[in-house]
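Below: one structure, written as structure tokens.
The values are calculated or read from the model by the stated rules, or taken from the named source; none is laboratory data. From a predicted model like this one, the values you see are computed outputs, not experimental measurements. Backbone-built Cβ (ideal geometry, glycine too); neighbour counts: all protein chains shown. We work out accessible area using only protein heavy atoms, side chains counted, and drop any ligands, DNA or RNA first. Shrake-Rupley method; radii C 1.70, N 1.55, O 1.52, S 1.80 Å.
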Amino acid sequence: MAIARRRQVSLVDTKYYHCISRCVRRAFLCGEDRFTGKSFEHRRGWVEDKLLTLAKAFCIDVCAYAVMSNHTHLVLYVDDKKANRLNDKAIVIRWHKLCKGTLLTQKYMQGEKLSKAELIFFSQTVNQYRERLASISWFMRLLNEDIARKANKEDNCTGRFWEGRFKSQALLDEAALAACMAYVDLNPIRAKMAQTPEISDYTSVQKRIENATEGKQPKKLLRFAGMPRQIMPKGLPFELKSYLELVELTGRCIREGKRG
């Protein structure tokens, strides 16, 4: 029996989660389908663009991602403290970037005065939005629904596009986080879709390497904050250089059963 998502996600234990969504059809999510000869490579851009757009509105940061031929890998960080810190207006603005909201939230954003009764319902709605903006389930729902609709429209069909709800795995310590991020970033290498991380398209490691050559870190991904210390800023708890060295060394290992 499947475990309820609220029992799988415990922000008290960890804020880092590895999420996987897999396509249900024989036809590929992305890449070239060898059965029909049709290329769906452009859909990888759909996933990447939507993913990074959602991260700007949600209080959820992207640590790593890889868009594969028939599935996606994400490592996410839930910033629930940020969601609780934002005022009501900021919460509504963020939610309206994702959905239309309600008549009350639209009325509030237009500067119209709300009655006492309306303020009670408005407050309840804002609290609901606040919870959703720090919810992995809502993040994955909006990501997968958007891709499914576009793919169904392009394929001129209806029905299920993903095989089911996404799978999630809690990353309980720094070692698990680093290992999982490297695993995600090296997926195209293992699948022989790319020879090196530098040319591994639609992955977080490619973006990190591109920015690292200029001495920067990508703004759309959770930054590396360095080794843990007493006053720790928000970010991944290790050095970028150390992580790239881990990816380099791990990627050179030959693994039985892997093409790359």
Rounded to the nearest 10, the angle in degrees between the Cα long axis of helix 42-57 and the longest principal axis of the Cα atoms of the chain comes to 40
How much net charge surrounds W46 when only the other residues with a Cβ under 15 Å from the Cβ of W46 are counted, with Lys and Arg +1 and Asp and Glu -1?
-2
Okay, helix-only estimate at 222 nm for the chain: each DSSP H run of n ≥ 4 adds -39500 (n - 2.57), divide by all residues, round to 500 deg cm²/dmol; what do you get?
-13500 deg cm²/dmol
What accessible area, in Å² to the nearest ten, does a 1.4 Å probe give for D61?
30
Hey, which aspartates and glutamates would be in cross-link range of K89, C-alpha to C-alpha under 20 Å, not counting anything within fewer than 8 residues on its own chain?
D79, D80, E112, E118, E131
Using a simple charge model, +1 on the beta-carbon of Lys and Arg, -1 on the beta-carbon of Asp and Glu, nothing else, what dipole does the chain show about its Cα centre, in debye to the nearest 20?
680
Work from the charge dipole of the range 110-225 (Cβ charges, +1 for Lys and Arg, -1 for Asp and Glu, about the Cα centre) and give the residue of L119, I147, I209 farthest towards its positive end.
L119
Expressed as cubic angstrom per residue, what is the convex hull volume of the alpha carbon set of the range 82-133?
70
What angle do you read, to the nearest 10 degrees and between 0 and 90, between the alpha-carbon axis of helix 240-251 and the longest principal axis of the chain?
50
Area projected by the alpha carbon convex hull of the chain, averaged over all directions, nm²:
17.5
Using only the heavy atoms of the protein chains and a 1.4 Å probe, how would I93, I60 rank by accessible area, largest first?
I93, I60
Between the range 193-232 and the range 164-179, what is the C-alpha centre distance in whole Å?
19
In square angstrom, what is the accessible area per residue of the chain with a 1.4 angstrom probe?
57
Taking only Cα atoms of the range 52-207, the Rg to Rh ratio with Kirkwood Rh works out at 1.05
Heavy atoms only, probe 1.4 angstrom, no DNA, RNA or ligands counted: give me H96, H42 ranked by accessible area, highest first.
H42, H96
With r as the distance between the Cβ atoms of E41 and L103 and R0 = 41 Å, compute the FRET efficiency 1/(1 + (r/R0)^6) and round to 0.05.
0.50
How much of the accessible area of the chain, in percent, comes from carbon and sulfur atoms when a 1.4 Å probe is used?
51
Pull up the cross-link candidates among the lysines for K38, meaning alpha carbon to alpha carbon under 29 Å and not fewer than 8 places away within one chain.
K50, K150, K153, K167, K192, K207, K258
